[in-house]
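Peer 1: Take a look at this one; I'll ask things after.
The values are calculated or read from the model by the stated rules, or taken from the named source; none is laboratory data. Everything quoted here is computed from the prediction, not taken from an experiment. Counting neighbours? That spans all protein chains shown, and the Cβs are built from the backbone with ideal geometry, glycine included.
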Amino acid sequence: MKLSTMKILLHSKHLLQHGSFIFRKNYFYQTALYSTKKVGEVIKDVNRIRNIGISAHIDSGKTTLTERLLFYTGQVDEMHEVKGKDQVGAKMDFMELERQRGITIQSAATFVMWKDVNINIIDTPGHVDFTVEVERALRVLDGAVLVLCGVGGVQSQTLTVNRQMKRYNVPCIAFINKLDRGGANPIRVLHQIRSKLNHNAAFLHLPIGLEENHEGIVDLVKMKAVYFKDPHGMNVVEDEIPEYLQEISVSKRQELIECIANADETLGEMFLEEKEPTNQDIMDAIRRATLKREFTPVMLGTALKNKGVQPLLNGILDYLPNPSEVTNYCLDNSSGEEVKTVMDSDRTLEHPFIGLAFKLEAGRFGQLTYMRVYQGGMQRGDVIFNTRTGKKTKVSRLVRMHADEMQDIPEVYAGDICALFGMDCASGDTFVTKGNMNLSMESMYVAEPVISMSIKPAKNEHIENFSKGIARFTKEDPTFKVHWDDDIKETIASGMGELHLDIYGQRLEREFNCKVIMGKPKVSFRECIVSPVDVEYQHKKQSGGRGEYAKVIGTVEPLPVENNTKIEFKDKTVGTNVPKNYIPSIETGYRDYCGKGPLAGQKVSGTLFVLKDGDHHTVDSSDWAFQQAAHGAMKQAFDNGHWQILEPIMNVEANAPEEFQSAVMQGLSNRNGIVLGTDSSDGYFTVYCEVPLNNMFGYSSELRSQTQGKGEYTMEYSQYCPALPATQQELIAQYELEQQENTHQKKKKKKN
């Protein structure tokens, strides 16, 4: 290479790629990891695409890992930390609140090129309050990297993420991070992956030293030691395995082969025939077993110290699926049957377009809609239809995201993740081309909010901004709900936790210049019927002219425990006593009346209304009359049935030094916690328990005082269970007092 050419390359601002050399600022390294892809170019070969998510428990190093992925693939010139001293912050945490708090609040999308393969990455939050961000990311991704802390191991949110991956059948690679931290123990973490997550997992790597002595990893497939030399771990050097690790490396490689053989028939046959598999045989078997979710490869490293990231990138290419290796289904609404989406290996526009809008975000140019394409493709200027609303939209601009930056692209195909502007839709809507309005993709699971607060603007002149902000946030986040309570005359915001609601309060102030006043947190209790009760109600009204007449007969009964957050309606009528066109009105009346239960005015859930019979009048019956009949029937059920109050139970995981164990256990016991298990390692203990959410307020301050500030805890929603008798009595008494005050206020108004 000529000296003049080298000077030009060395003075470039970005990572320049030429031949088999990568130049970054004043360094150059010989490597085969260059990319020939041009900006805006669309990859036609589906084998050169991966769609992955980075998911984990809070503070496991997801965002730091993503920052390294961007750096080593040339997407960013410099690495920044989540809480960097230079006040820059990680690329994927682009919100001001994220950089200030040092946590991920919104999932962020980006893309990188590694060995000429396009990897679309979504970095997701770890905090349970933002679990819907993980949910909708995993809904549209083909594979995932499950990051685990080398010290903390499998934690509460790890279990949640694992359930979400299982729900959407997403294969994953486990990456044990933070091996440089004191107390790091990857063997213990592997044991937890097997015992707590029930994964058939095995090491692909072994650590060369731990904590401050961590130097690199042993690749058990290639049987080579891998070191990551300065600057920034970019100089990847393979060497012979250190002598003291050779015996354990052979043993762990054999264990790896045995675990894969249990999941892969081809390698299993070789194992039984006592044939020695080649490195390629092992890699192929790992891929086959991982795609079937029957094996989880476990890789090691420390993202903060720049070790183990490049092998993880190779693992994403080698072991996670391309879009054509994942089977996706859409629902044919005309027949009620599931239909496979068609994935072209060469990615063409031959098949009709099907895409799922999985995330909404307010961008600089209006609403930004993130979409995953499942079949066919679309180009700028195409017209697509929303199957839920029937509205059509012209695709004026197509972009792909790099955190908060955009890159315009001319077209997208099945397997791509893109973003569009000007879409009138909600999260989970399906878009198709004309003639396929009967097709829709399955939407994502959305958990019910468990905590509520009153919310109002601090100044009346900010009401318009307040309304705009609330409208945008509720559209973006299906777990954030806001409604007006007519009884207490307040706006109530509901969400997944105190942090969730606090973040939206701060965002209203920062993004909409509307300071808000938040009330005291309130738990979302529910009321449920305990045993079936028969109801029969006739609504009849005659006051001259056309009257009102409707009659319903049925049963109100409890749903199974696993469905105690739902209310359901079943029509079991036979004949024409209740015309079928009035059935929806009865269901509407039933659901309306379930807004407030008989005991404490909480929402009714876990209840089924079975309509068995009724009566109608050819002239006086109407939708309104049948709604009123359903109201009357539910009032009978309220008066005659046996009801109970349900409260949300949280999975709580508290971690503290062992010397404070008795105080922490006593504190949780005082909050009516039920201990599920304990764990201890390196002077710290972890207790897992279930505690009513109503009893968890103020626990962070209590735990800090009990442990001299060394303890920490996390909690996530588990289920609704019957409230304790004392809690029920307190809620009922409080509700009766509120009713008396409301009655008194109404009488006072009448007098005035």
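Peer 1: If you take the residues of region 288-309 that are in a loop (DSSP other than H, G, I, E, B) and in contact with a helix residue (DSSP H, G or I) (Cβ under 7 Å, 6 or more places away or on another chain), which of them is farthest from N185 (Cα to Cα)? Break it down stepwise before answering.
Peer 2: Taking region 288-309 first, the residues in a loop (DSSP other than H, G, I, E, B) are 292-295, 301, 303-306, 308.
The next check asks that each one be in contact with a helix residue (DSSP H, G or I) (Cβ under 7 Å, 6 or more places away or on another chain); those that pass are 295, 301, 303-304, 306.
Details: F295: 21, G301: 12, A303: 16, L304: 17, N306: 18 Å.
Out of the qualifying residues, it is F295.
Rundown of residues vs (1) in a loop (DSSP other than H, G, I, E, B); (2) outside the structural domain of E238 (by TED's automatic domain parsing); (3) at pLDDT 50 or above; (4) acidic (D, E), yes/no style:
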| site | (1), (2), (3), (4) |
| --- | --- |
| V39 | yes, yes, no, no |
| V42 | yes, yes, yes, no |
| I58 | yes, no, yes, no |
| E67 | no, no, yes, yes |
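Peer 1: A further question follows. Test E536 against the stated conditions and say whether it is under 27 Å from N640 (Cβ atoms) and in contact (Cβ under 8 Å) with a residue 12 or more places away in the chain. Break it down stepwise before answering.
Peer 2: On the way: under 27 Å from N640 (Cβ atoms): yes; in contact (Cβ under 8 Å) with a residue 12 or more places away in the chain: yes.
Yes: the conditions hold for E536.
Peer 1: Another question, if that's okay. Give the residues of region 296-326 that are touching a strand residue (DSSP E or B) at 6+ places or on another chain (Cβ under 7 Å) and farther than 24 Å from I208 by Cβ, sorted by residue number. Quick ask: steps written out before the conclusion?
Peer 2: The initial filter retains those residues of region 296-326 that are touching a strand residue (DSSP E or B) at 6+ places or on another chain (Cβ under 7 Å), namely 296-303, 306-308, 310-313, 315-317, 319-323.
Listed by number, the residues that qualify are L320, P321, N322, P323.
Peer 1: Within region 118-137, which residues are at pLDDT 80 or above and among the hydrophobic types (A, V, I, L, M, F, W, C)?
Peer 2: To start, the set of residues in region 118-137 that are at pLDDT 80 or above comprises 118-122.
Once the filter is applied, which keeps residues that are at pLDDT 80 or above and among the hydrophobic types (A, V, I, L, M, F, W, C), region 118-137 yields I119, I121, I122.
Peer 1: Determine whether region 595-611 contains at least one residue that is assigned to a loop (DSSP other than H, G, I, E, B), closer than 30 Å to V151 by Cβ and among the basic types (K, R).
Peer 2: The initial filter retains those residues of region 595-611 that are assigned to a loop (DSSP other than H, G, I, E, B), namely 595-602, 605-606.
Checking which are closer than 30 Å to V151 by Cβ leaves us with none.
For region 595-611, residues assigned to a loop (DSSP other than H, G, I, E, B), closer than 30 Å to V151 by Cβ and among the basic types (K, R): absent.
Peer 1: Let me ask you something else. State which residue pairs qualify: first residue more than 21 Å from K115 (Cβ to Cβ) and modelled with pLDDT of 90 or more and inside region 288-317, second residue among the polar types (S, T, N, Q) and surrounded by 24 or more Cβ atoms within 10 Å (Cβ to Cβ) in any location, beta carbons under 8 Å apart, and separation of 6 or more residues or different chains.
Peer 2: Every condition considered, the pairs that remain are T296/T290; T302/N177.
Peer 1: Can you name every residue in region 173-185 that is of a type outside the set (A, V, I, L, M), buried (at least 23 other Cβ atoms within 10 Å of the Cβ) and either in a helix (DSSP H, G or I) or at negative phi (or both)?
Peer 2: Step one: list which residues in region 173-185 are of a type outside the set (A, V, I, L, M), which gives 175, 177-178, 180-183, 185.
Subsequent filtering for residues that are buried (at least 23 other Cβ atoms within 10 Å of the Cβ) retains 175, 177-178.
Selection gives F175, N177.
Peer 1: I've got another one for you. Hey, could you check region 683-738 for residues that are closer than 19 Å to N564 by Cα and in a helix (DSSP H, G or I) and say which is nearest to the chain's Cα centre (by Cα)? Lay out the reasoning, then the answer.
Peer 2: Step one: of region 683-738, the residues closer than 19 Å to N564 by Cα are 690-694, 716-725, 727-728.
Add one more test, that the residue is in a helix (DSSP H, G or I), and what stays is 693-694, 725, 727-728.
Numbers: L693: 21, N694: 24, P725: 34, T727: 31, Q728: 32 Å.
Among those that are closer than 19 Å to N564 by Cα and in a helix (DSSP H, G or I), it is L693.
Peer 1: Take the residues in region 665-724 that are among the basic types (K, R) and either at pLDDT 90 or above or touching a helix residue (DSSP H, G or I) at 6+ places or on another chain (Cβ under 9 Å) (or both); name whichever of them is nearest to Q164 (Cα to Cα).
Peer 2: R671
Peer 1: Does region 728-749 contain at least one residue that is modelled with pLDDT under 85 and on the phi > 0 side of the Ramachandran plot?
Peer 2: No, region 728-749 has no match at all.
Condition check ((1) modelled with pLDDT of 95 or more; (2) in contact with a Gly (Cβ under 7 Å, 6 or more places away or on another chain); (3) under 16 Å from D615 (Cβ atoms); (4) in the same structural domain as E461 (by TED's automatic domain parsing)) across all residues:
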{"site": "D502", "(1), (2), (3), (4)": "no, no, no, yes"}
{"site": "G505", "(1), (2), (3), (4)": "no, no, no, yes"}
{"site": "R510", "(1), (2), (3), (4)": "no, no, no, yes"}
{"site": "N513", "(1), (2), (3), (4)": "no, no, no, yes"}
{"site": "I517", "(1), (2), (3), (4)": "no, no, no, yes"}
{"site": "Q538", "(1), (2), (3), (4)": "no, no, yes, no"}
{"site": "Q542", "(1), (2), (3), (4)": "no, no, yes, no"}
{"site": "R546", "(1), (2), (3), (4)": "no, no, no, no"}
{"site": "P560", "(1), (2), (3), (4)": "no, no, no, no"}
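Peer 1: Further, regarding this structure: Tell me, which strands (runs of 3 or more DSSP E) wholly within region 481-568 include 2 or more residues that are within 34 Å of the chain's Cα centre (by Cα) and either surrounded by fewer than 18 Cβ atoms within 10 Å (Cβ to Cβ) or of a type outside the set (A, V, I, L, M, F, W, C) (or both)?
Peer 2: On the way: elements: 481-485, 490-495, 516-518, 526-529, 533-541, 548-558.
In region 481-568, 481-485, 490-495, 516-518, 526-529, 548-558 are the strands (runs of 3 or more DSSP E) which contain 2 or more residues that are within 34 Å of the chain's Cα centre (by Cα) and either surrounded by fewer than 18 Cβ atoms within 10 Å (Cβ to Cβ) or of a type outside the set (A, V, I, L, M, F, W, C) (or both).
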